[in-house]
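Worksheet: one structure, shown below.
The values are calculated or read from the model by the stated rules, or taken from the named source; none is laboratory data. Please read these numbers as outputs of a predicted model, since none were measured by experiment. Glycine gets a Cβ as well: all are built from the backbone with ideal geometry, and neighbour counts include every protein chain shown.
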Amino acid sequence: MKKICIDTGVFSIYFSKNRNTKVKVLFDNIINNELKAFVVKPVLIEIYFHICRIQGISEANVQLVSLMHNYALNCVDLDETLIFNAGKLKCQHPSALSLVDCMSIALCLKEKMEFHTTEKMIRKIPHTTLERLRIVKYDWS
């Protein structure tokens, strides 16, 4: 089964009123066990924050539990390798990449999985490490 890592932005589209077909198909594929989805645990904090900011704490609690239960996300703790690799990426690209993006990218590179993201600038970052990253890009429309 193909393994993927999902960025916060893709979840933001999923929870938005304007969920697009590409995101719907992605999550259908996860439910149907056609894809094995991974997230670094700090992504869950960002998801919670985004839902909470718009819909409140109670709704954030309900939606995050529902997401984790319905989609059987593989939530990844940061081990020493991920910590050092994410830190190195953040050091190399302090303004271009968020800390959570660096964690997700480090996981993708370590496990050789696709990175599903909404980040617009990621392919424009000149670096040999990022050339190995397989990216699936999502837009809000």
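Does PHE11 satisfy the condition of being assigned to a helix (DSSP H, G or I) and buried (at least 17 other Cβ atoms within 10 Å of the Cβ)? Yes, satisfied. In segment 63-77, the count of residues that are small (Gly, Ala, Ser), at pLDDT 95 or above and assigned to a helix (DSSP H, G or I) is zero. Look at (1) in contact with a Phe, Trp or Tyr (Cβ under 9 Å, 6 or more places away or on another chain); (2) outside any loop (DSSP other than H, G, I, E, B); (3) under 30 Å from ASN33 (Cα atoms) and you find that LEU133 fails only one, number (2).
If you go through segment 101-125 and pick out every residue that is among the aromatic types (Phe, Trp, Tyr) and in a helix (DSSP H, G or I), you end up with 0. When LEU107, LEU44 are checked against the criterion of being modelled with pLDDT of 95 or more, under 14 Å from TYR14 (Cβ atoms) and surrounded by 13 or more Cβ atoms within 10 Å (Cβ to Cβ), a single residue qualifies: LEU44.
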